[in-house]
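Pasting a structure below so you can have a look.
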Amino acid sequence: MRSNSDIGKSAEDYLESMIILKEKNGYIRSVDIASLLGVTKPSVSNAMKRLREEGYIEMDHSGFITVTEKGMNIADKIYTRHKKLTDFFISLGVDPVVAEDDACRIEHDISDETFNALCSHIDRFGKAKTTKKKL
C-alpha cells in the first residue's frame, strides 16, 4: 500500500526537485530539473506535460514553472520525509551520501503510520537526550 498519492515515484521526484530548485534559485525551469535529476530534457518535457495535465504544476509563456497547491502538498510531504530521514540516518552514523541515497528510496514507500512513529520516536529520544544533559 502506498503512503503517498498514487502519482508515482517519478512524479514525486519531479515535484520534490521543483521545491528544491525554488528554494535554491527562486525559480523553476525544466532545464534545471533535468540537470538536478540527471535526466534528459525530453524526459522532463514529457513529465511536465503529465504534471500540468493533472493540475500539479503550471507553466508560463517563458517556461517558468509554478507548483500548484495540489502539487505542493505532495512536494512538501516528500521533501520533508527526505530531510527527516536523511538527518535520522546521519545521526545513526550513516555516511551522508549513503543516508541521502537511502532517504531518496525510502521516502516514497514508507507508510504514514511508520513515518509518524519514527518522527515521534526521534522527538522522544531528542527530548530525553536533552533532559539527560541537564542532569
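Looking at Leu36, Leu85, can you tell me which residue is touching an Asp or Glu at 6+ places or on another chain (Cβ under 7 Å) and in a helix (DSSP H, G or I)?
Being touching an Asp or Glu at 6+ places or on another chain (Cβ under 7 Å) and in a helix (DSSP H, G or I) holds for just one of Leu36, Leu85, which is Leu85.
Condition (residue is among the hydrophobic types (A, V, I, L, M, F, W, C), closer than 19 Å to Ser111 by Cα, out of contact with any strand residue (DSSP E or B) (no Cβ under 8 Å at 6 or more places or on another chain) and outside any helix (DSSP H, G or I)) applied to the stretch 7-28: is it met by at least one residue?
yes
Could you say whether any residue in the stretch 26-36 is modelled with pLDDT under 95, exposed (fewer than 15 other Cβ atoms within 10 Å of the Cβ) and out of contact with any Pro (no Cβ under 7 Å at 6 or more places or on another chain)?
No: the stretch 26-36 contains no residue that is modelled with pLDDT under 95, exposed (fewer than 15 other Cβ atoms within 10 Å of the Cβ) and out of contact with any Pro (no Cβ under 7 Å at 6 or more places or on another chain).
Residue-by-condition table, conditions (1) part of a helix (DSSP H, G or I); (2) assigned by TED's automatic domain parsing to the domain that holds Met18:
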{"residue": "Asp32", "(1), (2)": "yes, yes"}
{"residue": "Arg52", "(1), (2)": "yes, yes"}
{"residue": "His61", "(1), (2)": "no, yes"}
{"residue": "Thr66", "(1), (2)": "no, yes"}
{"residue": "Gly93", "(1), (2)": "no, no"}
{"residue": "Phe125", "(1), (2)": "yes, no"}
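I need every pair where a residue in the stretch 105-122 that is within 17 Å of Leu15 (Cβ to Cβ) has its Cβ under 6 Å from the Cβ of a residue that is among the β-branched types (Val, Ile, Thr) and part of a helix (DSSP H, G or I), sequence separation at least 6 or different chains.
What qualifies is Glu107/Ile78.
The values are calculated or read from the model by the stated rules, or taken from the named source; none is laboratory data. This is a predicted model, so every value here is computed, not measured. Backbone-built Cβ (ideal geometry, glycine too); neighbour counts: all protein chains shown.
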